[in-house]
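Chemist: Here you go, one structure.
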Amino acid sequence: MRQAGTAQPTPRSGDPAAHSDDRFLLEVQDLHVHFETSRGVVRAVEGISYAIRAGEIVALVGESGCGKSVSALSIMRLLSKPAGRIVGGRILFEGRDLLGLSDEEMRAIRGREIAMIFQEPMTSLNPVMSIGRQLMEPLQIHLGMSGEEARERAKELLGLVGITDAERRLDQYPHQFSGGMRQRVMIAIGLACNPKLIIADEPTTALDVTIQAQILELMRDLSRRLNIALLVITHNLGIVARYAHRVNVMYAARIVEEGTAEEIFGAPRHPYTIGLLRSVPRLDRPRSEKLETIEGLPPNLLDPPKTCRFAPRCPYRIANCDIDPSLFDTEHPEHRSACHRWRELASLAGAPRTVPAEAAERALADETLPALAVEGLTKHFEVSAKGFAGGKAVVRAVEDVSFSIAPGTTLGLVGESGCGKTTVGRLILRLEEATSGRIAFEGRDLAGASGAELKRLRTRIQVIFQDPFSSLNPRMTVGQIIAEPMRVHGIADKRRAGERVAELLTQVGLYPYMAERYPHQLSGGQRQRVGIARALAMNPSFIVCDEPVSALDVSIQGQIINLLEELQERLGLTYLFIAHDLAVVRHISHRVVVMYLGRVMEIADREELYAKPLHPYTRALLDAAPVPDPVIERTRAPRALKGELPSPLNPPQGCVFHTRCPLAIDACRAGVPALEELRPNHFVACIRAKESLGRNEACSGPAPS
């Protein structure tokens, strides 16, 4: 058995690190971080140790609150003071203990030798400073460059991260860049002074799968060419499988498993790691009937247990788990696990539960009248034009969108940010007024409904928002939040509303006593359950789910997906499920609509679309989606979609995808392709689809199942 602080990983053959200097660039040794709060001391990080070599990519994974970001901020010495304190351990960078340096010495290292890319680029970039000024600042401070030299280097950096027209872009501001481009700017700032280590804290969480692939391919390429070490903090296991050499799994402020990516994914030796891997819907395996989840919650770090911290949630717990384990050496020299039963786990856990797609598929409702039918839906927004001339410009957010949803089924709506998915949801909810088109709900026209009629219909149509925290009133208790719509619509008096709140909380897997709590007293998964309970309060038949799991950890995500499926089965609910996670959409949806720049590109049944996509954009989305399996990912050629999403203010003529399409020909620029049925119930808007249909019969595309 080995203590956590003595881990000495060995590089694998084939890794960049295997051929470099065997010395570590960064060593975190027995790190302890505490936060002083009004309720006591939160032990955010307890005794973690890991190391990184030059040119190596190391991932740090785990649920929110496990200490991943706190450990990264500790390396940068950016903990909020006086609340956050490093109370023990050492952080060695090229042999120097960063914890022993003065603030001035640390400022010289921060940005110059160690850079950090934060999770949300819009909040990390200064909105009142030009992009050029923000790129030039570290160059002038750390490298002593003149203004002219710094500007030339800034242009070079923008080119390095794939941003064209650098001369003009330097004078623009963050709000004039897309999300993917802002994240590229953050990478450029991180690279400005040629650092030796970059810490990337959830660098792609807010990005679409295509932009995510571009950013990560760029970071991997730069790591290889410039020998930069990368510490990547994420909960996206597909990203870890595709890019990381080694993985550290954190739970409740400690590292519970560490090893190479192949060992962690291929032969996990801790129940928590096994649970994380099984919670993820996968594109490379048959759809499982129900996702396996990790039930329960992590321990309170104000008073962590003296036993194994995962024991209360562990399906393999035994009496010996009352002894708090350190990291044990496993059969592989780099692979360690903090579990007493690591040897038995392979036989105890067995293979993940899956069933063939046909067995998992319940019969769709055979109804002539769809629950919802959208025909020719269009939404244009007028905005002020830029420049001295003024005037108005038109944003074509949604253009001629048509689809229908059968009762009791789920329609997935996928596409990149800015493609119009959320606007479609808002138009259906009548939170926005359509420019043209028809929305029929259970045969009644929503677009032409009067105020009184719309009020009645809204009891039948509800919504679950993306961010459960911002969609819940922080000044109201959970009980008040759920009861409010019932009282507004006169469905229940105060006594009956209280009883109904208790029923709804039980229905979504919460305890009735939680009605007395406020949103900040609940976890992210619990808050999303409250949002679902509020939607169910009106006894709806149709729910718009707008990115309902994108803000959640992988384990909580699985719980919410299972809950939505159970409620649909029990209550006969119909869902419009808006998301950009293709694996989640595949798991929960019966039929899928793919949108791009306001238009529908492809519509098909789930298994048909994922096995045999016909539109180049759909294939590009599936190609870009990582699979949580290093063996598969290391053999796949990088196929990131090139270019940025065009502006809806000035969409391309003809097919809106032709500017990024690898199959585009002159005819694609001539006119907008119609949505045609090329297979039974499989509709495609592509003039080259018939040609690709012939190829697809021989080669079914990127989504094995």
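The values are calculated or read from the model by the stated rules, or taken from the named source; none is laboratory data. Nothing here was measured: the structure is a model prediction, and the numbers come from that model. All Cβ positions, even for glycine, are placed from backbone atoms using ideal geometry, and neighbour counts span all protein chains on display. Areas reflect the complete protein model, heavy atoms only, side chains present, ligands, DNA and RNA absent. Shrake-Rupley method; radii C 1.70, N 1.55, O 1.52, S 1.80 Å.
Chemist: Can you classify segment 248-308 as rounded, prolate or oblate using the Cα gyration tensor, where a ≥ b ≥ c are the square roots of its eigenvalues, rounded means a/c under 1.5, and otherwise it's prolate if a/b beats b/c and oblate if not? Each step should come with its number before you reach the end.
Modeler: On the way: a/c = 3.23, a/b = 1.51, b/c = 2.13.
Oblate shape, in that a/c is at least 1.5 and b/c is the bigger or equal ratio.
Chemist: May I ask you to give the solvent-accessible area per residue for the chain, in square angstrom, as obtained with a 1.4 angstrom probe?
Modeler: Details: 29370 Å² over 705 residues.
Using a 1.4 Å probe on heavy atoms only, each residue of the chain averages 42 Å².
Chemist: I would also like to ask the following. Distance between Cα centroids, segment 67-113 to segment 489-555: provide it in whole Å.
Modeler: Using only Cα atoms, the two centres lie 41 Å from each other.
Chemist: What is the extension gain from Leu431 to Arg168, computed as 0.36 nm multiplied by their sequence separation minus the C-alpha to C-alpha distance, in nm to one decimal?
Modeler: Values: separation 263, 0.36 × 263 = 94.68 nm, distance 3.73 nm.
So the extension gain works out to 91.0 nm.
Chemist: If I take R0 = 35 Å and measure r between the Cβ atoms of Leu226 and Leu571 in this structure, what FRET efficiency does the formula 1/(1 + (r/R0)^6) give, to the nearest 0.05? Show your work: numbers first, answer last.
Modeler: Details: r = 55 Å, r/R0 = 1.57.
Result of the calculation: an efficiency of 0.05.
Chemist: Please get the size of the charge dipole for the chain, origin at its Cα centre, with Cβ charges of +1 on Lys and Arg and -1 on Asp and Glu, quoted in debye to the nearest 20.
Modeler: 880 debye
Chemist: Can you give the net charge of the other residues whose Cβ lies under 9 Å from the Cβ of Phe465, counting K and R as +1 and D and E as -1? Don't skip to the answer; put the middle values down first.
Modeler: Numbers: positive: none; negative: Asp467, Asp546, Glu547.
In short, -3.
Chemist: Hey, can you rank 247-255, 626-634 by average C-beta count inside 10 Å, highest first? Let's see the in-between values first.
Modeler: Numbers: 247-255: 25.4, 626-634: 19.6.
Going by the mean number of other Cβ atoms within 10 Å, highest first, we get 247-255, 626-634.
Chemist: With the contact rule set at Cα under 8 Å and sequence spacing of 6 or more, what percent relative contact order holds for the chain? Please list the in-between numbers first.
Modeler: Values: 1407 pairs, mean separation 92.5, N = 705.
After rounding, I find 13 percent.
Chemist: Indicate the gyration tensor shape class of segment 597-686 (rounded, prolate or oblate), computed on the Cα atoms with a ≥ b ≥ c the square roots of the eigenvalues: a/c under 1.5 is rounded; otherwise a/b larger than b/c is prolate and the rest oblate.
Modeler: Details: a/c = 2.33, a/b = 1.34, b/c = 1.74.
Verdict is oblate for segment 597-686.
Chemist: Give me the number: length gained by fully extending Leu348 to Arg133, i.e. 0.36 nm times residue separation minus the C-alpha to C-alpha distance, one decimal in nm.
Modeler: Details: separation 215, 0.36 × 215 = 77.40 nm, distance 5.71 nm.
Once the chain is fully extended between Leu348 and Arg133, it gains 71.7 nm.
Chemist: Using only the Cα atoms of the chain, what are the Rg and Dmax in Å?
Modeler: Both quantities, over Cα of the chain: 26.1, 77 Å.
Chemist: Put a dot 7 Å past each Cα toward the Cβ at Glu295 and Ser102; how far apart are the dots in nm?
Modeler: 5.8 nm
Chemist: Tally the DSSP beta bridges in the chain and give the antiparallel ones as a percent, rounded to 5. List each step's numbers first, then the result.
Modeler: Working: 58 of 93 bridges.
If I count the DSSP bridges inside the chain, around 60 percent turn out antiparallel.
Chemist: Follow-up question, since we're still on this one. If you count, for each residue, the other Cβ atoms within 10 Å and average over each peptide, how do 513-520, 487-494, 603-610, 465-472 line up from highest to lowest?
Modeler: Details: 513-520: 15.4, 487-494: 12.1, 603-610: 22.0, 465-472: 18.1.
Ranking the peptides 513-520, 487-494, 603-610, 465-472 by packing returns 603-610, 465-472, 513-520, 487-494.
Chemist: Okay, moving on. Measuring from label point to label point, each 7 Å out along Cα→Cβ, what is the Asp445 to Glu516 span in nm?
Modeler: 5.2 nm
Chemist: Cross-link candidates for Lys155: which lysines have Cα within less than 23 Å, leaving aside residues fewer than 8 places away along the same chain?
Modeler: List returned: Lys196, Lys642.
Chemist: Report the label-to-label distance for Val383 and Ala83 in nanometres (one decimal), using points 7 Å from each Cα along the Cα→Cβ vector.
Modeler: In this crude label model, Val383 to Ala83 measures out at 3.5 nm.
Chemist: When a/c is below 1.5 the answer is rounded, else prolate if a/b is larger than b/c, else oblate, so apply that to segment 472-553 with a ≥ b ≥ c taken from the square roots of the Cα gyration tensor eigenvalues. Don't skip to the end; give the middle numbers.
Modeler: On the way: a/c = 1.78, a/b = 1.27, b/c = 1.40.
In terms of gyration-tensor shape, oblate.
Chemist: Tell me, what % of the accessible area of the chain is carbon and sulfur with a 1.4 angstrom probe?
Modeler: On the way: 14990 of 29370 Å².
Carbon-and-sulfur percentage of accessible area, whole number: 51.
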